[in-house]
Ligand code: SF4
């Protein structure tokens, strides 16, 4: 069978695509990037916001209209939360909840493949990635979360924490290295909690990855800013662990963090960042902020702005709070009006942009290694490439005919480019 898979939402959803496609291929099926060719279409949905829910619905409805003869499978957070509704939705043939995700390929094949299923297994080293030549792969290291942040629907949808075995993760990374992948991003719902259920830790896992694989670059996706041991940042002494972490703080005042049931206080977070910056040269911290959480007073909001400015982040993701059914926060008193949420979101985004500009400008005039990714021809026929430095500064360069894709090159960072919010660069290492 030909299988088309599409994910919405978090990186964890994307990491799952890679695992499933590898499993389908091992069982003798093929993946396609064209829904029009597919026998089975699988949509890995998201429900983190109502907007994400709407987009998930739109996506599987559109795919059904485009290719009604395919089997349509819906999985992910939306399917866990609205499974009954989905089971009666036109075109949906199979709903797979998050709890059953690990067996998704088996469940799909059991339901749809006939006796004539192809039996030739493919070489396990065949690319499991959708876009061949892609340089970065997301590795799911764990699922679920033991915490109950009051606004979070993900934890309800994803269930208890389950970690993958160190050996399985290493095998997956080694296989990706064989396919030419240059960078892996360790992904999960609560990455910092990795290993608690299997007598291991995130630190142990990273040490093993750096020791037992040759992957040139390792990164973390979002990591909650707690549950990290004191000596965690020592790991970054290995230059293959990229000096960047996305540590979501969500608010800059303890009263709001308490209402959110977050596990870190502002002082702890500030100390964590201070320690990271002291130990890791060029460390980049990016973060998430939720504005307009129920009861957020003018004073709390101003204190959050001040706190964020004081810490200083390389990049900010700003979310306006929106209530999700079945979360505790949805029933908290004193909701913030949408007008105020809009104003606060705008102001926070503005601050985020200022901080990013300041961070990027600091690196203009320096040299760094860059993993070059996609390249596109501009009107003049030159190739414009984008890539990232180890500390996740996005850079851009124009070359005449050199194919930089998937290469790590020493690069001169020249100047901040306001229009594209990147750093313009020139390749100083011209060897291929
Ligand atoms: S730590 Fe909080 S926000 Fe993160 S997944 Fe767990 S409950 Fe959700």
Note to self: I'd like to verify a number: residues in the range 381-391 that are surrounded by 18 or more Cβ atoms within 10 Å (Cβ to Cβ) and either in a loop (DSSP other than H, G, I, E, B) or modelled with pLDDT of 95 or more (or both), how many?
What the structure shows: 3
Notebook entry, point to check: Has the range 320-338 got any residue that is closer than 25 Å to residue 229 by Cβ and touching a residue at least 40 places away in the same chain (Cβ under 8 Å)?
Noted result: no
Checklist line | Lone qualifier among 86, 72, 59 - being in contact (Cβ under 8 Å) with a residue 24 or more places away in the chain and under 30 Å from residue 321 (Cα atoms) | finding: 59
Notebook entry, point to check: Yes or no: residue 262 part of a helix (DSSP H, G or I) and either within 16 Å of the ligand (Cβ to nearest atom) or under 24 Å from residue 350 (Cβ atoms) (or both)?
Noted result: no
Next item on the list: Return the total of residues in the range 79-95 being assigned to a helix (DSSP H, G or I) and in contact with a strand residue (DSSP E or B) (Cβ under 7 Å, 6 or more places away or on another chain).
Entry: 4
Next item on the list: Please enumerate the residues belonging to the range 265-303 that are part of a loop (DSSP other than H, G, I, E, B) and either in contact (Cβ under 8 Å) with a residue 12 or more places away in the chain or within 16 Å of the ligand (Cβ to nearest atom) (or both).
Entry: 265, 280, 281, 282, 283, 292, 293, 294, 295, 296
Checklist line | Scan of the range 65-78 for residues that are within 20 Å of the chain's Cα centre (by Cα) and not in a strand (DSSP E or B), ordered by number | finding: 77, 78
Check: Any idea how many residues of the range 329-341 are within 25 Å of the chain's Cα centre (by Cα) and surrounded by fewer than 18 Cβ atoms within 10 Å (Cβ to Cβ)?
Finding: 0
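Here's the yes/no breakdown for (1) within 16 Å of the ligand (Cβ to nearest atom); (2) modelled with pLDDT under 95:
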{"position": "156", "(1), (2)": "yes, yes"}
{"position": "159", "(1), (2)": "yes, yes"}
{"position": "170", "(1), (2)": "no, no"}
{"position": "180", "(1), (2)": "no, yes"}
{"position": "184", "(1), (2)": "no, yes"}
{"position": "197", "(1), (2)": "yes, no"}
{"position": "201", "(1), (2)": "no, no"}
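The values are calculated or read from the model by the stated rules, or taken from the named source; none is laboratory data. Bear in mind the structure is a predicted one, so any value in this text is a computation, not a measurement. Virtual Cβ from ideal backbone geometry, glycine too; neighbours counted across all protein chains shown.
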